[in-house]
Structure formats: C-alpha cells, structure tokens
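Presented below is the structure to which this report refers.
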Amino acid sequence: MGFQTEFNSVCKFKSEQELYELLEYGTAKMVKQGFRIYPTGQKVIAYTPDNRAVAIVHIHASIAEINFQGEEITSVEMKLVRKLTDEESRIQTALAHEMFFGARENA
C-alpha cells in the first residue's frame, strides 16, 4: 500500500465516458486504480485517453479508499473551467508528450 503522486498539472482520463461527462455537463468524477494524490483546490490540464490536452479543470476533491472489492482506488471530483483552444491544445499536448507521456531518455 502506498500513494502515487500525480504531477500537479496533469489529469489524464482513462475513460471516454468520464471525459464526455466533464465536457458535456461541466463536472465529472474520475476513478483511478491505486492510491494517488491529486492537487485539491488547484487548476490542472485534462488529457484524453490518447494524451491530447483538452481542457482546464478545477480539482474539488481527491478521495483515496479501499472499495467493497478490496481494491485501492482514488476518486477525483472536478469541474470544467474551460475547454482549450486548438492552439493551446496543440502546445500543451506537445509539452506533455515530451515531459510525461513520451519515451524517457537516459540522463
């Protein structure tokens, strides 16, 4: 058992349904496997399952728990601040790919 820290500017969706709810209704609850720490009270960039930046969201709650099946999960509740423009999305996607999602280089 242990917590995995998420980078404070990245919120990556693994589920298209959760992302749809955020973009359609302006609020969403994302469930991640394992215990994680999200920056409650901060704004972060939301990414699609294919690592494309799409929006700025405000993290309202991050709840780590063991569910009824005995699995460690983290629920993250957020509200949509705004969708990114095409230019913002392109730049944020390129930066995130280089820094987080792309292949890691040996230093």
From the residues in the stretch 34-48 that are at pLDDT 90 or above and outside any loop (DSSP other than H, G, I, E, B), which one is surrounded by the fewest Cβ atoms within 10 Å (Cβ to Cβ)?
43
Tell me which residues, restricted to the stretch 49-68, are assigned to a strand (DSSP E or B) and either farther than 22 Å from residue 99 by Cα or small (Gly, Ala, Ser) (or both).
53, 55, 60, 61, 62, 63, 64, 65, 66
In the stretch 83-95, is there at least one residue being in contact (Cβ under 8 Å) with a residue 24 or more places away in the chain, buried (at least 16 other Cβ atoms within 10 Å of the Cβ), within 17 Å of residue 18 (Cβ to Cβ) and not hydroxyl-bearing (Ser, Thr, Tyr)?
no
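Consider residue 23 carefully, then state whether it is aliphatic (A, V, I, L, M), open to solvent by less than 30 Å² (accessible area, probe 1.4 Å) and under 15 Å from the mean Cα position of the chain (by Cα). Don't jump to the end; show me each part of the working.
Values: aliphatic (A, V, I, L, M): yes; open to solvent by less than 30 Å² (accessible area, probe 1.4 Å): no; under 15 Å from the mean Cα position of the chain (by Cα): yes.
It is false that residue 23 is aliphatic (A, V, I, L, M), open to solvent by less than 30 Å² (accessible area, probe 1.4 Å) and under 15 Å from the mean Cα position of the chain (by Cα).
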In the stretch 69-102, residues that are assigned to a helix (DSSP H, G or I) and out of contact with any Phe, Trp or Tyr (no Cβ under 9 Å at 6 or more places or on another chain) total 10
Kindly list the number of the only condition in (1) buried (at least 19 other Cβ atoms within 10 Å of the Cβ); (2) at pLDDT 95 or above; (3) within 19 Å of residue 101 (Cβ to Cβ) that fails for residue 80.
(3)
Within the stretch 9-20, which residues are surrounded by fewer than 16 Cβ atoms within 10 Å (Cβ to Cβ) and either within 11 Å of the chain's Cα centre (by Cα) or modelled with pLDDT under 90 (or both)?
14, 15
Would a scan of the stretch 63-81 turn up a residue that is polar (S, T, N, Q) and touching a Ser or Thr at 6+ places or on another chain (Cβ under 7 Å)?
yes
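The values are calculated or read from the model by the stated rules, or taken from the named source; none is laboratory data. In this text the structure is predicted, and so the values were computed from the model without any measurement. Using ideal geometry, Cβ is built from the backbone for each residue, glycine included, and neighbour counts are taken over all protein chains shown. These area figures cover heavy atoms from the full protein model, side chains too; ligands, DNA and RNA do not enter into them. Shrake-Rupley method; radii C 1.70, N 1.55, O 1.52, S 1.80 Å.
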